[in-house]
Structures are given as C-alpha cells and as structure tokens.
Amino acid sequence: MSGGESSQPSAKEQLLTFQCPILTSTNYTIWRMRMEVLLGIHGVWDVVDPGLDDAKKNNIVKGLLFQSIPEDLILQIGNLRTSKQMWDAIKTRNLGADRVKEARLQTLTTEFENIKMSDTSTIDDFAAKLSGIASKSASLGEVINEQKLTKKFLTSLPRNFVHIVAALEQVLDLKTIGFEDVVGRLKAYEERIKEDDKTSETQVNLLYTKTESAYSNTESLNGRGRGSNNRGSGHGGGRGRG
C-alpha cells in the first residue's frame, strides 16, 4: 500500500461489521425491528419489501438472515429462492409465538395491576414478586420502568405502612429514587416495627405473669383463711355439744 492510501476501512466495509441479532422463540418482534434497520443500513431492504429482483442484494440478505436464525430454521427455509420468501416464512412461523407473547404480557399486566401485599407477607417477599413480574415482562419485550415499579410498590402496601409511605413521599423524589433504595428503607422500618412488637409482647407477658402470681398468692391466702375458720367452727361446735 502506498503512503498516499489510507489504511482505514471504507464506509461500506465498516457496515459489514454490524452484529446480527439472534432470533429466539420469544423475541421475534424485537428481532424483526432490528433486522429491518440492519438491512436498511446495508441498503438491501428493498429486496424484502417490496421484493426487488436483485441477485447481489438477495445474497446479502440471505447471508445476514443465516447469521441471525437458528440452524434448525436454516434447514427449513434455506432452500427458498429469494430472501423475501425466507423473510415471509420466518414471519409465518413466528406469528403464533407472537400471539402467545401478547397473551402472556396481558396476563402479567393484569397481575401487576392487581397485586397487593398481604398483612402476613414481608417487604422482601412482596418486592421479590414485583421484581419477578418486571423480569418476565422485560423478557417478553415490555420493560416496566423503575419509576412505575416504585410507585406500584408504595401504593400496594398494607395500611400499617401508610405513615412511612407518606413520609417517604414528602422527603424523596420518587421520579429519581431507585426501586431497591425504597425497598431497603421499608425493610428497615419493618424490622424496627418487629422489634417494637417483640418488646411490647415481652412487657405484656411479664405483666401477665406478675398478675397470675399475685392472683395465685391471694387464692392461697384465702384458702388458708377459710380452712382455719372451718376448723375453729368445728371445735366450737364440739364444745357446745359437750
């Protein structure tokens, strides 16, 4: 290479370094959107839509598709002549999966909207349930942002948390604070309430024990008093009869 020539790859060569998204059983919608952009960047989308007859572009699309779909799917559609036929075949095979995904998302959305923390549950348990719903939703392509997750968490707590929630809403910016941060604060409050309850329970038990002890002593004294009186009465009666 002469000194005047650049060693940098051309723009066309740089485009070929884009990584193809991999199609799975649950990500067809996202995969399709990414592939449309990728094929557009390479300037070959027109052989898919509207279906331009261009042998060179057709081979480029086929090559990119082969890099982005599983081997078993390659064996099923690899013999199709045009990349448009391949694209439509992939779409047909994943329409059912797309409908299943939408149904699962709807179920998760309903579960997220209706979920409430029970009085017997803990902050950790409830936070884990919300996080699980958010993770499943994200895996299906629907991300629940942290602000929405935090708001749902705070509005779904039992009544005994109403005061701490009101305090947090006054001192914190719920638009910027993280979900885990709020969960941590509520866990600390929950632990403090548990300690207070244990202390109160201990005091009640101690008072109950003292009351029972005093009651037992009183009953014992009363019993001895009645016994003495009875004996005295019996003896007096004896003298009277004599």
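The values are calculated or read from the model by the stated rules, or taken from the named source; none is laboratory data. These numbers were taken from a predicted model, which means no experiment stands behind them. Ideal geometry is used to build each Cβ from the backbone, glycine not excepted, and the neighbour counts take in all protein chains shown. The protein model used for the area step is the full one, side chains on, heavy atoms only, and it has no ligands, DNA or RNA in it. Shrake-Rupley method; radii C 1.70, N 1.55, O 1.52, S 1.80 Å.
Details
- Diffusion coefficient, µm² s⁻¹, Stokes-Einstein with Kirkwood Rh over alpha-carbon pairs of the stretch 38-96 at 37 °C and 0.692 mPa s: 286 µm²/s
- Ordering of 100-109, 172-181 by packing [mean C-beta count within 10 Å, highest first]: 100-109, 172-181
- Accessible-area composition of the stretch 50-162, carbon plus sulfur, in percent [1.4 Å probe]: 50 percent
- Sorted peptide list for 22-34, 151-163, 58-70, criterion being average Cβ within 10 angstrom, highest first: 58-70, 22-34, 151-163
- Residue pairs, from the table Lys152/Lys187; Lys57/Lys101; Lys136/Lys194; Lys116/Lys151; Lys62/Lys136, whose Cα atoms sit over 23 Å apart: Lys57/Lys101; Lys136/Lys194; Lys62/Lys136
- Cα gyration tensor, the stretch 131-184 - rounded (a/c under 1.5), prolate or oblate: prolate
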